[in-house]
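First up is the structure itself, then whatever we jot down about it.
Read-outs throughout are calculated quantities, based only on the coordinates presented, and are distinct from any laboratory measurement. What you see is a predicted model; the values in this text were computed from it and never measured. No Cβ is skipped: glycine too gets one built from the backbone with ideal geometry, and neighbour counts run over all protein chains shown.
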Amino acid sequence: MNVVFQSTYYTLYQANNERCFYIDFGQKTVRMSLCQLLSLRHKLMSIAIENHFDSDLNSHGFEVLMLCNKEHLFVLNTLEILDLKKLVDHGFMEIGISAKTVAIV
Amino acid sequence: MKDIARQSMSIKVESMDLLNGQIKMEAHASATYLAMASWCEQNGFFTSAKFFFKQAEEEREHMMKIFNFLVDTGGNPISPEVTDINHDYSSIVDVFESTLEHEVKVTQSIHNIVKKAREMGDIATERFLDWFVMEQVEEENTIRDILDMIEVTGTEGVGLQMIDNQVANWID
């Protein structure tokens, strides 16, 4: 497996022989097809992260994420959501289907 | 590293996001025209109601065209949530003026996606939208013609009835 991108908490891998991707969430590693990765991206994009900073809109500061057709359930806090967004954003650049370019740091 | 993602998906994710936005816009247009059809039926403009029922169907067809394009390119089409549909109009003129406003917004949105696709070098999306660009020219022209007809006919006396009857000329 090749590492595509590593963020603070998570790592995205590409498995060439299986033609799929893996995300290491720390406590478990989840196998994903590109469709499932696109679905994760959509779920993350739909999260209103600014609500995490308003106790009336999101009093607990958590998000529940169900992945891969409800096979996996994650409860993530604000920092973890932001980090997962970063992983997906950079991951899509690295796998070549995002028009964004990787910033040279 | 193999190009697995590119082999599974023919367009950029940014194009996919914009097209999903357009799917939502077409769905909203379809629901808006249905609301206009309802208003026309309730206010005795039965020919205009038929016109808007047909428009609602057309907008849904446009939505499905984009939806299927995303399916064909390996993208992730999202079934849209449609909210905030206006059901209140002050007159039949208001209905058609709102329609033109709506069509102009749709045209601007499509032009924006074409420009972005061009910037990204996403030729497939750009070429796919060619049909929509020309379709919007036709849609805007139809509504402009109806508004011209309304102006010529006038809304006094039997004017409103004549306007409704003449809308039949724009129903295929």
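Suppose R0 equals 51 Å. What FRET efficiency, 1/(1 + (r/R0)^6) with r the Cβ-Cβ distance, do A:VAL3 and B:MET134 give to the nearest 0.05? Mind dumping the intermediate values first?
Numbers: r = 46 Å, r/R0 = 0.91.
It comes out at approximately 0.65.
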Across all Cα atoms of segment B:43-135, Rg and the largest Cα-Cα distance (Dmax), in Å, are 16.0, 50
Normalised Cα Rg of segment A:2-94, dividing by 2.2 N^0.38 Å with N its residue count, works out at 1.08
The number of Lys pairs in segment A:2-94 whose alpha carbons lie under 16 Å apart, excluding pairs fewer than 8 residues apart on one chain, is 4
Rounded to one decimal in nm, the spacing of the 7 Å Cα→Cβ label points at B:VAL158 and A:ALA48 is 5.4
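Kindly state, to the nearest 0.05, the FRET efficiency for B:LYS54 paired with B:ARG127, given R0 = 22 Å and r defined as their beta-carbon distance.
Details: r = 28 Å, r/R0 = 1.26.
Working from the Cβ atoms, E equals 0.20.
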In debye to the nearest 20, the charge dipole size for segment B:37-119, taken about the Cα centre with +1 at each Lys and Arg Cβ and -1 at each Asp and Glu Cβ, equals 360
Dividing the alpha-carbon radius of gyration of the protein assembly as shown by 2.2 N^0.38 Å, where N counts its residues, gives 1.27
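Would you please name the GluC sites (Glu not before Pro) within segment B:50-106 that are DSSP coil residues with at most 11 other C-beta atoms within 10 Å of their C-beta? All intermediate terms of the calculation are to be shown ahead of the outcome.
On the way: sites: B:GLU57, B:GLU58, B:GLU59, B:GLU61, B:GLU81, B:GLU97, B:GLU101, B:GLU103; in loops: B:GLU81.
Loop-located and lightly packed - B:GLU81.
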Helix A:34-46: inclination vs chain A longest Cα principal axis, degrees, rounded to 10, gives 20
Once Lys and Arg are counted +1 and Asp and Glu -1 for all other residues with Cβ under 12 Å from that of A:ARG31, the total becomes -1
With label points set 7 Å from each Cα along the Cα-to-Cβ direction at B:ASP94 and B:LYS2, the distance between them in nm comes to 6.1
Placing +1 on each Lys and Arg Cβ and -1 on each Asp and Glu Cβ in segment A:2-94, then taking the dipole about the Cα centre, the residue among A:LEU65, A:PHE21, A:LEU87 whose Cα reaches farthest towards the positive end is A:PHE21
